[in-house]
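Colleague: Take this structure, written in structure tokens, and hold onto it; I'll ask about it next.
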Amino acid sequence: MRRPEAGQGTLWRLLSGVALGIGLALGAWLLALAGQLGHPHPDHQWVLEARAHKQARAEALPPPRLLVAGGSSAMFGIDSPQLGESFRRPAVNLGVNAGLGLPVILNQTLAIAEAGDLVILALEYPLLGYRGEINHVMNDFYLGQPEELLQAWRLSHAALPLHRWLPLVAGEALQIVMQTSLSRVVQGYRGLPDGFTVKGTYGAHRLDAHGDQTATSRRHREAWMAQQATAEAPRQYGADHADNAPGWALLRHFQERLQDRGACLVLVPPAFLFHPHYREDPVERRFYSTLPEQAARHGLTYRGRPYDFMYPAEDMFDTDFHLVDEARRRNTRRLIEALAAPGNPSEPVIECPRATVESGVTRQPLADQIAGLESNQQPAQR
């Protein structure tokens with residue numbers, strides 16, 4: 001029998017040692033990550049407090065309501081009282097931060113929506129093409145709120161076939177493991193500093209009773225904010241978008257969940273900074289001009305034309321999705337016009353059907369069936 005040469009044995013031991021070292025290092029890293037999951041972190045406390053503020057407001061309002069959902073473009077760009085007064089029903093703004101990702105936004109809205117509610121979803125354009133990319137905001141948020149990641153995976157599991165869901169979940173998990181820095185892990189173990197409070201532009205302390213952002217008039221805008229809003233190069237949202245992205249499937253499933261409980265959904269454009277590139281570039285022009293038709297192909301209702309909701313630089317507060325107060329009212333008027341039923345400006349064009357459940361071969365209103373069940377459970381009168 002031929003013996004392996006000495007050089008081959010040495011190489012084999014070296015490779016085995018390297019593999020063992022990598023495995024031990026990866027295991028230690030995973031343990032370190034797991035140990036700080038769920039610990040509070042300063043970067044997303046404003047998000048948690050803002051969401052709690054908005055949810056409390058929504059729960060205090062009787063349905064049917066107008067629920068404005070989306071990212072911070074909705075929070076800065078829509079005047080909820082103006083919207084509610086126009087359609088004669090209470091309104092609340094649930095928008096917080098597009099950086100949290102599409103699944104988190106949809107799950108937050110599902111936790112609140114009830115029968116009769118009209119959900120007005122003003123999504124920032126990248127969210128429509130959601131493909132499981134984990135940005136730094138999502139990464140930090142999921143580390144501090146791992147149950148939100150599990151809920152996001154459950155939502156995508158319900159919306160996607162297994163062969164699309166598995167790569168998406170595996171990719172997200174890998175991104176979180178690889179993108180988290182050592183300093184972020186250390187911060188996770190430290191938790192919140194003593195006496196920590198949320199300050200600055202974002203947070204519940206800057207929201208009104210309806211969930212709208214406050215202190216955003218032109219007189220509140222500092223020079224660096226105006227510069228920051230226009231500093232970015234034109235976005236390439238059309239070039240980056242895929243018509244078969246998982247985001248559309250999640251939106252279809254979201255709509256079905258709303259319809260099951262008697263609520264309904266309409267997509268509208270977000271407030272956005274205009275740039276000539278969005279009209280001059282053929283790919284970008286096609287994306288924005290055909291977005292309502294693209295949504296319709298996915299079985300979704302889209303009201304309003306994106307170009308009508310794009311604004312000049314003087315109307316932006318501190319990012320290309322955030323309006324100043326004066327432009328917010330103009331944007332809301334345009335939104336009301338897009339949503340109003342023809343000939344009846346006080347009624348939205350979308351009417352929510354009553355929730356129904358299957359009962360044999362007929363469909364019975366859910367409220368009626370629940371009432372019947374409750375009456376059957378009443379104790380017999382003696």
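The values are calculated or read from the model by the stated rules, or taken from the named source; none is laboratory data. Fair warning: this is a prediction, and the values are worked out from it, not measured in the lab. Cβ atoms come from the backbone with ideal geometry, glycine included; neighbour counts cover every protein chain shown. Remember, those area values only see protein heavy atoms, side chains included, never the ligands or the DNA or RNA. Shrake-Rupley method; radii C 1.70, N 1.55, O 1.52, S 1.80 Å.
Colleague: Please work out the C-alpha center-to-center distance from the range 111-190 to the range 241-265 and express it in whole Å.
Modeller: Computed from Cα coordinates, the inter-centre distance equals 16 Å.
Colleague: Could you compute the net charge surrounding residue 221? Neighbours are other residues with a C-beta less than 12 Å from the C-beta of residue 221; K and R count +1, D and E count -1.
Modeller: Charge balance in the 12 Å sphere: -4.
Colleague: Any chance you could list P(r) for the chain, counting all Cα-Cα pairs in 10 angstrom bins from zero, rounded to whole %?
Modeller: 5, 20, 28, 24, 12, 6, 3, 2, 1, 0
Colleague: Can I ask one more? When only C-alpha pairs under 8 Å and at least 6 residues apart count, what is the relative contact order of the range 83-193, in percent? Display every interim value, and only then the final one.
Modeller: Numbers: 49 pairs, mean separation 31.8, N = 111.
Answer for the range 83-193 is 29 percent.
Colleague: Turning to a different aspect of this structure: With runs of 4+ DSSP H residues as the only contributors, calculate the mean residue ellipticity of the chain at 222 nm using -39,500 (n - 2.57) per run, divided by the residue total and rounded to the nearest 500.
Modeller: -15500 deg cm²/dmol
Colleague: Order the peptides 74-82, 339-347 from the highest to the lowest mean number of other Cβ atoms within 10 Å of their residues.
Modeller: 74-82, 339-347
Colleague: Residues with beta-carbon under 10 Å from that of residue 82, excluding residue 82: net charge, scoring Lys, Arg +1 and Asp, Glu -1?
Modeller: Residues close to residue 82 contribute a combined charge of 0.
Colleague: Which helices count as membrane-span-like in the chain under these terms: full DSSP H, at least 30 Å along the axis by C-alpha, Kyte-Doolittle mean of 1.0 or more?
Modeller: Helices meeting the span and hydropathy rule in the chain are 6-35.
Colleague: Another question about this same structure. Please name whichever of 76, 52, 63 sits farthest to the positive end of the charge dipole of the range 15-91, dipole taken about the Cα centre and charges placed at Cβ: Lys and Arg +1, Asp and Glu -1.
Modeller: Most positive-ward Cα: 63.
Colleague: Mean separation of Cα pairs under 8 Å and 6+ residues apart, divided by the residue count of the chain: what relative contact order is that in percent?
Modeller: Value for the chain: 22 percent.
Colleague: How would the range 99-218 be classified by its alpha-carbon gyration tensor: rounded, prolate or oblate, with rounded meaning a/c under 1.5 and the a/b versus b/c comparison settling the rest?
Modeller: Note, shape of the range 99-218 comes out oblate.
Colleague: At 0.36 nm per residue, minus the direct Cα-Cα distance, what do residue 289 and residue 192 gain on full extension? Give it in nm, one decimal, please.
Modeller: Between residue 289 and residue 192, full extension yields 30.4 nm more.
Colleague: With only Lys, Arg, Asp and Glu charged, each at its Cβ (+1 for the first two, -1 for the last two), find how big the charge dipole of the chain is about the Cα centre; round to the nearest 20 debye.
Modeller: Working: 37 positive and 40 negative charges, 115 e Å.
In total the dipole reaches around 560 debye.
Colleague: I need the phi-derived Karplus couplings for the range 263-276: 6.51 cos²θ - 1.76 cosθ + 1.60, θ = phi - 60°, integer Hz, Gly and Pro marked x.
Modeller: 9, 9, 10, 9, 8, 9, x, x, 5, 7, 6, 7, 9, x
Colleague: Among residues other than residue 136 whose Cβ falls under 13 Å from its Cβ, what is the net charge (Lys/Arg +1, Asp/Glu -1)?
Modeller: Net of charged neighbours comes to -2.
Colleague: Just the number: Rg to Rh for the range 157-292, Cα atoms, Kirkwood Rh, two decimals.
Modeller: Expressed as Rg/Rh, it is 1.02.
Colleague: A further question follows. Given the peptides 312-324, 91-103, 205-217, arrange them by the average over their residues of other C-beta atoms within 10 Å, most packed first.
Modeller: 91-103, 312-324, 205-217
Colleague: Give the accessible surface of the chain per residue, rounded to a whole number of Å², with probe radius 1.4 Å and ligands, DNA and RNA excluded.
Modeller: On the way: 19040 Å² over 382 residues.
So the chain comes to 50 Å² accessible per residue, rounded to a whole number.
Colleague: Considering the options 266, 307, 226, tell which one lies farthest towards the positive end of the dipole of the chain, charges being +1 on Lys and Arg and -1 on Asp and Glu at the Cβ, about the Cα centre.
Modeller: 266
Colleague: Under a point spin-label approximation (7 Å from Cα along Cα-to-Cβ), what is the residue 170-residue 182 distance to one decimal in nm?
Modeller: 3.0
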